[in-house]
1. Consider T111 carefully, then state whether it is outside the structural domain of T639 (by TED's automatic domain parsing), at pLDDT 95 or above and within 16 Å of ligand 2 (Cβ to nearest atom).
2. Do you know which of the residues in the stretch 568-585 that are in a loop (DSSP other than H, G, I, E, B) and free of Cβ contacts under 8 Å to residues at least 60 places away in the same chain is nearest to M76 (Cα to Cα)?
3. Can you tell me which of G334, G344, G366 is within 16 Å of ligand 2 (Cβ to nearest atom) and either modelled with pLDDT of 95 or more or surrounded by 22 or more Cβ atoms within 10 Å (Cβ to Cβ) (or both)?
4. Keeping to the stretch 389-406, report how many residues are touching a strand residue (DSSP E or B) at 6+ places or on another chain (Cβ under 9 Å) and under 26 Å from G179 (Cβ atoms).
5. Would you mention how many residues in the stretch 627-651 are surrounded by fewer than 16 Cβ atoms within 10 Å (Cβ to Cβ) and modelled with pLDDT under 95?
6. For M529, all conditions in the list (1) in contact with a Leu (Cβ under 7 Å, 6 or more places away or on another chain); (2) within 16 Å of ligand 1 (Cβ to nearest atom) hold save one; what is the number of the exception?
7. Is there any pair with a first residue in the stretch 633-658 that is closer than 14 Å to A108 by Cβ and a second that is surrounded by fewer than 16 Cβ atoms within 10 Å (Cβ to Cβ) whose Cβ atoms are under 6 Å apart and which are 6 or more apart or on different chains, and what are they?
8. Restricting to the stretch 530-551, count the residues that are hydroxyl-bearing (S, T, Y) and surrounded by fewer than 24 Cβ atoms within 10 Å (Cβ to Cβ).
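The values are calculated or read from the model by the stated rules, or taken from the named source; none is laboratory data. Please read all numbers here as calculations on a predicted model, not as lab measurements. Note that each Cβ is placed from the backbone with ideal geometry, even for glycine, and that neighbours are counted across all protein chains shown.
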Amino acid sequence: GCGEQEKAPTTNAAQTTVEWATVGGTEMAQRHSPLAQINKDTVTDLGLAWKFDDFIVRGRVHRGNQGTPLVVDGVMYFTGPWSVVYAVDAVSGKELWVYDPEVEGGWARKTCCDVNNKGAAIEGDTLFVGVVDGYLDAVDIKTGERKWRTDTLIDRTRSYSVTGAPALANGNVIISHGGSDMDIRGYISAYNQKTGALVWRFYTVPGDPAINGDETPDITLARETWGDQARWDLGLGGGAYDSIVYDPELDIVYAGTSNGVPHPTWLRDPVNEGDNLYLSSIVAIDNKTGRRVWHYQTTPGDSWDFGSTQNMIMATLNIEGKDRKVIMQAPKNGFYYVIDRATGELLSADKFTTVTWATHVDMATGKPVLDERLDFRDEATIIWPSVSGAHNWQPMAYSPVTGLTYIPALEAPMKYVAYSKVDYKPGSLNEGKGPPLMPPFADEGDDKLAGVNDFAPRMESVLKAWDPVAQKVVWQSKPQTWWSGGILSTEAGLIMQGAVDGIFRVYDAATGAVLKEINTGIAMLAPPMTYMIDGIQYVAVLGGLGGSESAYFPDESAAKKYENPETLFVFKLGGTDVTMPPAKTWPAEEPLPAMTTASAEVIARGEELFFENGNCARCHSYRGSEGSYPNLWNMAPATHENFKNILLGGAYSYAGMASFADLLSEEDAEAIHAFLIADAHALRTEGAVEGEVRFKEKAH
Ligand SMILES: O=C(O)c1cc(C(=O)O)c2c(n1)C(=O)C(=O)c1cc(C(=O)O)[nH]c1-2
Ligand SMILES: [Ca+2]
């Protein structure tokens, strides 16, 4: 027995109700269900029970889903874009209430990757939800009325956001933030579940020594790994935007912290270039005191935007004859970590996919050994994995039945381009490196990389069954369309996953054989969950493409073929076929405005501003290639007329298009407009170029 089964919910033939009460599914956050009505024999009969698509949409932009629904006492609670909570009858899908925290729309600009939400937490009759503009709200689960709200932000001028699910820890509710690619100083906060009062706060990086004294001895310890010229003005990053789990036995909160800002360590901490604690780390925090128990840094001196925020799973594994209580993570950096969760001892760290930035993890020091040939400070360099990571936020699952972890892994390199300096731009990406230059590359044959990067460049999603004891891949799926879906494991030996191609797949957990496919026509990223009511097992999964891949839909994504409104699917045995959504229609071609009279210089400046710090390019893809946001190469006449009012006046702020008046002058706005008009003319004459790069590669 290598599974942590003692506290997982159990089921037997007589049991007719099984809930799914936390995003991780069980106390150990394994995303494994005891249910087995849907099994290898019956799964071919899986079909649609009902769906829900009445999501709150602002403006024209469908934003996709990342959440795991909860089912408690016959009611399903799930979150959607803009941190809205929906409560529906878990058998019929009938809407019971909607809680809309009425997020400030312009806050979308303060998120790196859109106004996503990964789910809620429930204790007794209270539901907790993190709100993207920085609040933590407690909501009555019967009525949907707010009980209390607390502002989790220490500085509302900074680009903090909440995109993760809160975690519950013995009377506390724990939350942290996104924004580590922008300008935040990361911290993790614990609030009293009843009152919303702050219980403790764990800062993950030191503050400016000229302003802040060290808040805790843990920060004093971290400060030793930083020089005195660090970019305090940028906050330094380290938010725990996704993964926070709680171990009730040890009363420890584990939080996975993000990357630093700017990304390259030589720009972030030019004098020291040390480990930069507690960036890209797993920190174990005493839930009573808020103080560090141990920490393990997966990527010391992170220069790649790897972070260590991917979902963490607890289990008891038999390693070399001893039962060890472990915590496991497969972060962006491509190594699978098994750590003793009581002591922080590193038990193993192995590549689960193609990785070149480091050759291996030295088990004596616990540190990765870098491949020096891949230093990108002076020269653009192709490195595996990309900034999207070898695994991103889409949760993996662990099956105590097979003893395997199922990782929605990503196979892709990226050309990393460092800037020579970073001028702080509030409300912007301050990454200090270029935009994600993904395959195909123009110059794949770069000699410097021979023997290091001669893996065929590709962008693929591969489901891998990983043995955390034997430290190897046991099976892997056929390569799928780029960007992945989260995972559910069940006692029946099934693995379930939605995918970007719109197909919901059920795999044999032991062999990887595909046992069932349901085409929904909607791209799915969010992890499925399962529950039983009145003896019927249901599987639910949220659909809709959003997040970091919103600007450019992946090639084979369902969102390119069909309209892709946010949709919740619920399946059961004997259900019906899914009706395909209507075929995608892109807006018709608008009349071109007259060619701009602006000078070549002004147009060039406009282009620069479009891309700088991701200003416009972060959402509005280059030359309007297919994605979620309006195509600025095909603006309606009224939009042209209203251009400055939108860009500087915040006319569409409610829908997520914030004002940029703090950053751009009237002249800047006119230059950007001139560039768009001139380039729209060029595009109509030249036509789109096949395989055109997603981003312009520019020296900085
Ligand atoms: O460092 C951060 O604070 C931060 C936040 C987020 C986020 O809030 O979603 C992402 C990332 N980083 C990130 O690096 C990343 O690849 C990413 C992808 C996504 C997404 O929603 O698809 N979010 C994020
Ligand atoms: Ca990041």
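1. Spelling it out, T111 is indeed outside the structural domain of T639 (by TED's automatic domain parsing), at pLDDT 95 or above and within 16 Å of ligand 2 (Cβ to nearest atom).
2. T579
3. Residue meeting the stated conditions: G334.
4. 7
5. Going through the stretch 627-651 one residue at a time, the tally reaches 0.
6. The one condition M529 does not meet is (2).
7. A655/G59
8. Counting residues in the stretch 530-551 that are hydroxyl-bearing (S, T, Y) and surrounded by fewer than 24 Cβ atoms within 10 Å (Cβ to Cβ) gives 2.
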